[in-house]
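A.B. asks: Got a structure for you, questions after.
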Amino acid sequence: APTFGLAQELTKVTFSLDFIPLGRHAAWYAALGEGYFTEEGLDVTIIPSQGTAQVMQAIASNTAQLGFVDLPGVVLAQAAGTDIRMVAVNYQKAPYAIFSLANGANVTDTKQLEGLTIGSGAGSITPQVIKGFMKQSGLDPASLNVSNVAPPARASALLSGQVPSIEFFIMSKPGLEKGAKDASTSLTTFLMADHGLELYSNGIGASQAFIEAHPDVVRKFVRAALRGWKFTLDNPDAAADHQMKVVDGLSKPAILAEIDIVRELVVTEDTKKNGLGSFEASKMEAGLKFVTDNLAITGTAPSADKLYVEGFLPDEPVKP
Amino acid sequence: MILDRVFRAIYPLIGLALILAAWQAYTQFFAVNRIILPSPMDVLVASNDNFGLLLRHLWPTLLECVLGFMLAMAIGVPVAVAVANSQILNLTLYPVLIAMQSVPKVAVAPIILVWFGLGIESKLAIAFLVAFFPVVVDTATGLRATPKGLLELAQSLRASPLQVFWKVQFPSALPFVFAGAKVAVTLTVIGAVIGEFVGSNEGLGNLLLTANSQLNSPLAWAALVWLSLLGMGLFGAVALAERIAMPWAKNGGH
Amino acid sequence: MILDRVFRAIYPLIGLALILAAWQAYTQFFAVNRIILPSPMDVLVASNDNFGLLLRHLWPTLLECVLGFMLAMAIGVPVAVAVANSQILNLTLYPVLIAMQSVPKVAVAPIILVWFGLGIESKLAIAFLVAFFPVVVDTATGLRATPKGLLELAQSLRASPLQVFWKVQFPSALPFVFAGAKVAVTLTVIGAVIGEFVGSNEGLGNLLLTANSQLNSPLAWAALVWLSLLGMGLFGAVALAERIAMPWAKNGGH
Amino acid sequence: MSKDALSATPTEAAGSNTVFARFDRVGKIFKLPGDRQIDALEDVSFTLGRGKLVGLLGPSGCGKTTFLRIVAGLETATYGTVTIEGKLVNGPHPNFAFVFQQANLMNWRTVLKNVLFPLEIRGEVTRASIERARDLLNLVGLHGFEDRYPSELSGGMQQRVALCRALVYDAKLLLMDEPFGALDELKRMEMHDLLLDIRLRTGVSVMFVTHSISEAIYLSDTVAVFSKRPATIARFIDIDFPYPRENAMRYEMKFTEYEHEAGRALGIAR
Amino acid sequence: MSKDALSATPTEAAGSNTVFARFDRVGKIFKLPGDRQIDALEDVSFTLGRGKLVGLLGPSGCGKTTFLRIVAGLETATYGTVTIEGKLVNGPHPNFAFVFQQANLMNWRTVLKNVLFPLEIRGEVTRASIERARDLLNLVGLHGFEDRYPSELSGGMQQRVALCRALVYDAKLLLMDEPFGALDELKRMEMHDLLLDIRLRTGVSVMFVTHSISEAIYLSDTVAVFSKRPATIARFIDIDFPYPRENAMRYEMKFTEYEHEAGRALGIAR
Ligand SMILES: Nc1ncnc2c1ncn2[C@@H]1O[C@H](COP(=O)(O)OP(=O)(O)OP(=O)(O)O)[C@@H](O)[C@H]1O
Ligand SMILES: Nc1ncnc2c1ncn2[C@@H]1O[C@H](COP(=O)(O)OP(=O)(O)OP(=O)(O)O)[C@@H](O)[C@H]1O
Ligand SMILES: [Mg+2]
Ligand SMILES: [Mg+2]
């Protein structure tokens, strides 16, 4: 039974997002705002970050005990000597998308990736994912020209014609669409997951040491978080309100648009069956193989069973 | 004197008006996409619509800037004294200082977060790191430029090193110190923003990042404009302090 | 004199050795995780293993720094002259300059990319923007500090404004100019890195980002160390230029 | 000794065949913060004949430097006018040289380069002019110091460099503010003869400030004695010795009489 | 006039009942770049009696300032020793005051604050000492300029401020480098009497450099004439006039004789 304990009885936990809080993160704030964490006896602080590397560093340094980590990141982090593992997978589909303009490169087909120039970040692993995806699809990855364009400059680079295509998480779609409309053209979105890329992306992760020391905390966190996700999918409007209460500078339409997109990544046949956050060992293994095949890894890649720990999902699956 | 004051207010406005006009003309004639560069009008509207929001986020950034600046002065000036008065410390410390200066702060942010946490301390640390070097270099240069005769006067009176510093070197170096302070204070704005990028929940830098990520350019540029205005305000405050601190330098100005 | 030269080489090494020792001790005693802060040993190994890579990426960054610095001096000094000699320009231009200075460069990257493209120009633009302000502020302060008597001497000889500048104001302002140049040259390193972050395919900043994204901290820190060394080298070059340019200032030094 | 007693004919006192410069009721008031002011000069009027040498004596702080600076166009008079060669002065005159009260050397230039500075500005650096600069340095006793920096010189040596800098080019008007103040008597006398020699050769008109009564008398056609601040001219003394002047003249009775006259004008009772 | 001719008894020349300072074969060589050097001082030896007043004369650039700076501990002698009150000098002496050849004022301090500077350093600013500073400024004729900045003063006024700064505290040794060089004769005489008065009241020992022979004679117990560079002492002249001295003394025959003697030592033929 949920206990509404006094503040001092709550266990303090810090959770690091993969980026600054945006609409895609509404679920975490919904869990917070609906009191799911408190019900579990947790006092959760959500902190922002600037991408995978920083989440891993936050967890490794115990600045955060839990984090929103992605599978490729976990592989790299373990190769770099940490013991960070996933306990739940939220983004069942990888959010990596390629955007182009309808009157420009207009990338709608995998084949078009050959010879394409793409604005991407030297600071992200996405270009390597795209190349792996091309290899998987029987294309020559070397033919992709990657230009390093920082995220804030990427939309401009596309709209001003500096580069014919850019990559972003799919959640950027609404904003880009608006920009394209201003430029009197329309946006073409190419989500690799829709064209055969099988790769788990973000989920809840923690260090093995923490998992071993506080298995109950992890379990409670996962349970509350998944309830937050369900709440958000069911009541996007209320979830957005929860987030806006805590995070400044977000517009409600933008949050709602992102929630709609995230839904595509989160609600799949698998999760409909096994519940939100669930994952399969075989897909983990496939993901590991994809990463080791395509991403430059320094150090030794871990074995697949080291990437995750089972048994932290709620006994009763939280189905969307 | 009154006319002088009017001019002091009018000319900067002319300068700003010129930027605005150029900006408006550019966005208009080249029909620049709003995501790339919104027009000043868009920005003004966004600034007006989000006035409360911007004001709320101005405060933490201002605080970071001011405290970071004070930290940079409080530590930079003594370091400059050490470096200016001892050739050994000069040679030994400078590489350390340059290393601190020329390392991109964004890249060392993680370790700063580990050390200082997500609170204001980490932002102060970064603002300090960014602003520190000009203070040291300019102040040290100024201290070394102290007229030899005045040093000898103090020496002949057997002034203590502290007296030499406070009563001779420092006042004599004031123009240099203020030059360093002016550069430093505008740099703290950048430092605070970098600090906010790296990890924070508030501040104009944070707002900028959020707006940017939502491709809400007008709001992002509104934040940028506010940051510029913050920089100008801080610079103006230092310039004012200079005029007050150096009444003998009549044609003070910036 | 020879001993002096030896000291000039030894003390900086002591300084560097001190950083390294502290760093090594910290990583060792606190058992810091490698992805947060690798030990100097790790970094040395990474630096050695990737020597060719680092060297290859050093070159474009060096070029960006040097050209950006030259640009900052070439434009900054004339602007300083304008600002120092005309109260009107001073009041009108400063807000523009401060706006340019206190805006985070990363945030205006989009428009810079639109204007200057993905080539070296955009990196130069950013390196220039970052380095420009200290040159202006310090040089202008120095020009204003020209002894009045010397200006009157030039005036009594009816020297042209250009002569007054080159033969009186500029040499007299040299200590200030060099102070500004020293700050500027280390800032160009940051500017170049920001430029490379914003858009590029090469350079130490680019390598740093790549290594970071792969959580290859030792390589990332190797790039950072190289950037620091680059900063030191550039600073040293400016300090050397100062010693050569100002033979009358015997106790030159940094 | 009141200025009224003199004001009848001051403009003719320094008379000469042709007028080089005319000073008409020149006055200067320095404004200070808070409505205070310093009256430095009041109604200074006289004429300087072409090629004449006028020595200015006066109490410290009375306004001599200020007057010289106004004549040079480095300072503007609060009222009154300065006319040089018929033209109103409102800025530096094309052909004059100024020796400042402080040596005012550029510490980044060597001694020779400091002396060459005016020639550089005027675009007159030639092998001959460099030779002339070296000669001048020799004449003032600075042989061997051509390549030293000012900070390596004694006070008097710096003053001599400043003197050379003013003499290195052909000015029509030489304004000198205590040019020999830091020199020993022997060197001073050498400088006197050097100056008179140059005047003789070039016909330059000279105004110089000094605190040495005998120096003023030895050198000048006319000695102008300033009153206390606000300075105005208390007395003109025409020195009736022929040029070239001889050192022996210093021991003549007439010389001593002039000394007494100037001394009395300065308020020194003997 | 050769230094050998003098070296027999120079240490006794400035004799006094008790010795205040002793200079023993003091020499200074300035090293220049490229193995060149300037020999500024050579074997300067004499003693300064307590409470005595020694005037130093010598050609410009000979090494007078250098000598004074060595005595002050601002410069180190290349060889030889300076002993003050029995202690070897190797740094500034606790109780002396130095008047520099340049006024050397702090442009960021007002006149009064400049004068108070030594008191601030010594922690002796009291209502009484401020009063004393004001009195001194009045005595040198700077009443009303207490709150002005140095840049608003004439050259001679600045020099007087520097003088006040040295006189404002009780030093045992007063070293002055051409302290009255920029003053008119009247003010100079007033300063002479001021100095002698202060000496009489405080018993301070004084060494001062001047280019005015009559000033040296009027003020000093002993006049030391330096030779050309490398400077050594060419002649000591004990001035056999009683204190307090009167202006009338300047017209006595004996005074003129001293003048001639000093002039001859300086190489001035009359
Ligand atoms: N810039 C200034 N501001 C205010 N007052 C000034 C300024 N320059 C000079 N004065 C005042 O004007 C008066 C005359 O000064 P000036 O320098 O002309 O004197 P001087 O006759 O040359 O004296 P000295 O023989 O001491 O050099 C002085 O009382 C001085 O304080
Ligand atoms: N820092 C220095 N470096 C090199 N030479 C110097 C230095 N200071 C003084 N000299 C030289 O030492 C000699 C003596 O200088 P000093 O200043 O003692 O002369 P002085 O007798 O005071 O002359 P003056 O009457 O002109 O002031 C000069 O030839 C000068 O060039
Ligand atoms: Mg004067
Ligand atoms: Mg001297």
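No value in this document is a laboratory result; all are computed from the given coordinates. Being a predicted model, the structure only gives us computed values, none of them experimental. Because the Cβ atoms are built from the backbone with ideal geometry, glycine has one as well, and the counts that use them run over all protein chains shown.
A.B. asks: State which entries of A:LYS252/A:LYS273; D:LYS113/E:LYS113; D:LYS31/E:LYS187; A:LYS283/B:LYS123; D:LYS254/E:LYS64; C:LYS148/D:LYS172 exceed 29 angstrom in Cα-Cα distance in the structure shown.
C.D. replies: A:LYS252/A:LYS273; D:LYS113/E:LYS113; A:LYS283/B:LYS123; D:LYS254/E:LYS64
A.B. asks: Just to be sure I understand: with springs between alpha-carbon atoms less than 10 Å apart, which residue in C:SER160, C:SER86, C:SER228 has the highest mean-square fluctuation in the Gaussian network model of chain C?
C.D. replies: C:SER160
A.B. asks: Under the Karplus relation 6.51 cos²θ - 1.76 cosθ + 1.60, θ = phi - 60°, what is the ordered set of whole-Hz ³J(HN,Hα) values for region E:18-23, x standing for Gly and Pro?
C.D. replies: Each residue of region E:18-23 in turn: 10, 7, 9, 9, 10, 10 Hz.
A.B. asks: Could I ask something else about it? Kindly provide log₁₀ I(q)/I(0) values, in the same order as q = 0.07, 0.08 Å⁻¹, from the Debye equation applied to equal alpha-carbon scatterers of the protein assembly as shown.
C.D. replies: Debye curve over Cα of the protein assembly as shown, log10 I(q)/I(0) at q = 0.07, 0.08 Å⁻¹: -0.81, -0.95.
A.B. asks: Take every DSSP beta bridge with both residues inside chain E and express the antiparallel ones as a percent of the total, to the nearest 5.
C.D. replies: Percentage antiparallel, nearest 5: 55.
A.B. asks: Quote the relative contact order of chain C in percent (integer), defining contacts as alpha-carbon pairs under 8 Å separated by 6+ residues.
C.D. replies: 25
A.B. asks: Which of B:THR61, E:THR83, D:THR47 has the fewest other C-beta atoms within 10 Å, and how do the rest follow up to the most?
C.D. replies: Lowest count first: E:THR83, D:THR47, B:THR61.
A.B. asks: What do you get for the angle between helix B:120-144 and the principal long axis of chain B? Use alpha-carbon atoms, 0 to 90 degrees, nearest ten.
C.D. replies: The angle comes out near 40 degrees.
A.B. asks: Another one. So how tilted is helix B:204-213 from the main axis of chain B? Cα-based, degrees 0 to 90, rounded to 10.
C.D. replies: The helix B:204-213 is inclined about 40 degrees to chain B.
A.B. asks: To continue, here is another question. Rounded if a/c is under 1.5, else prolate if a/b is larger than b/c, else oblate: which is chain B, with a ≥ b ≥ c the root eigenvalues of its Cα gyration tensor?
C.D. replies: oblate
A.B. asks: Using Cα centres only, tell me the gap between region A:163-195 and region C:85-150 in whole Å.
C.D. replies: Using only Cα atoms to place each centre, the spacing works out to 36 Å.
A.B. asks: Can you list the residues, at least 5 places off or on another chain, whose amide H is less than 5 Å from the amide H of A:VAL318, using H built in the peptide plane?
C.D. replies: A:LEU276
A.B. asks: With the radius of gyration and the Kirkwood radius both derived from the Cα set of chain A, what is their ratio Rg to Rh?
C.D. replies: Rg/Rh: 0.97.
A.B. asks: Can you work out the Karplus-derived ³J(HN,Hα) for every residue in region B:67-78? Use 6.51 cos²θ - 1.76 cosθ + 1.60 with θ = phi - 60°, whole Hz, and x for glycine or proline.
C.D. replies: So the Karplus estimates, Gly and Pro as x, are 5, x, 5, 5, 4, 4, 6, 5, 9, x, 5, x Hz.
A.B. asks: Suppose we keep just the DSSP beta bridges with both residues in chain A; what percent of those would be antiparallel, to 5?
C.D. replies: DSSP beta bridges in chain A are roughly 60 percent antiparallel.
A.B. asks: Given a 10 angstrom Cα cut-off, can you work out which residue in C:VAL135, C:VAL83, C:VAL106 is the most mobile in a GNM of chain C?
C.D. replies: Largest GNM mean-square fluctuation: C:VAL106.
A.B. asks: Would you mind listing the distances between the B:VAL45 label point and the same position in each other copy? Use 7 Å along Cα-to-C-beta, nm, one decimal, shortest first.
C.D. replies: So the label point of B:VAL45 gives 5.9 nm to the other copies.
A.B. asks: Considering only C-alpha atoms, what is the centroid distance from region B:219-235 to region D:214-270, in Å?
C.D. replies: Between the Cα centres of region B:219-235 and region D:214-270 lies a distance of 69 Å.
A.B. asks: Of the beta bridges DSSP finds with both residues in the protein assembly as shown, what % are antiparallel, to the nearest 5?
C.D. replies: That works out to approximately 55 percent antiparallel.
A.B. asks: Considering amide H positions built from the backbone, and no H for Pro or chain starts, which residues 5 or more places from A:ALA88, or on another chain, come under 5 Å of its amide H?
C.D. replies: Distant-sequence amide H within range of A:ALA88: A:ILE204.
A.B. asks: Suppose a student asked you for the relative contact order of chain E, using Cα pairs under 8 Å spaced at least 6 residues apart; what percent would you report?
C.D. replies: Result for chain E is 25 percent.
A.B. asks: Something else now. In what order do E:MET189, C:MET73 fall by count of nearby beta-carbon atoms within 10 Å, going from fewest to most?
C.D. replies: E:MET189, C:MET73
A.B. asks: How far is it, in nm, from the label point at C:ALA74 to the one at A:THR300 when both lie 7 Å from their Cα along the line to the Cβ?
C.D. replies: Taking the simple label geometry, C:ALA74 and A:THR300 are separated by 5.5 nm.
A.B. asks: Further question on the same structure: Could you work out, residue by residue across D:93-106, how many beta carbons of other chains sit within 10 Å of that residue's beta carbon, and then give the average as an integer?
C.D. replies: Per residue, the number of nearby Cβ atoms from other chains is 4 on average.
A.B. asks: How large is ³J(HN,Hα), in whole Hz, for each residue of region D:46-52 in order, when computed from phi with the Karplus curve 6.51 cos²θ - 1.76 cosθ + 1.60 and θ = phi - 60°, using x for Gly and Pro?
C.D. replies: Karplus-based 3J(HN,Hα) across region D:46-52 equals 6, 10, 10, x, 4, x, 8 Hz.
A.B. asks: Now for a different question. Would you mind listing the distances between the E:ALA248 label point and the same position in each other copy? Use 7 Å along Cα-to-C-beta, nm, one decimal, shortest first.
C.D. replies: Spelled out, the distances from E:ALA248's label point are 3.5 nm.
A.B. asks: Considering only D:VAL140, D:VAL225, D:VAL44, give the residue with the highest GNM mean-square fluctuation for chain D, with springs between Cα atoms whenever their separation is below 10 Å.
C.D. replies: D:VAL140
A.B. asks: In nm, give the distance between the simple-model label positions of D:ARG201 and C:ARG5, each being 7 Å from the Cα along the Cα-to-Cβ direction.
C.D. replies: 4.6
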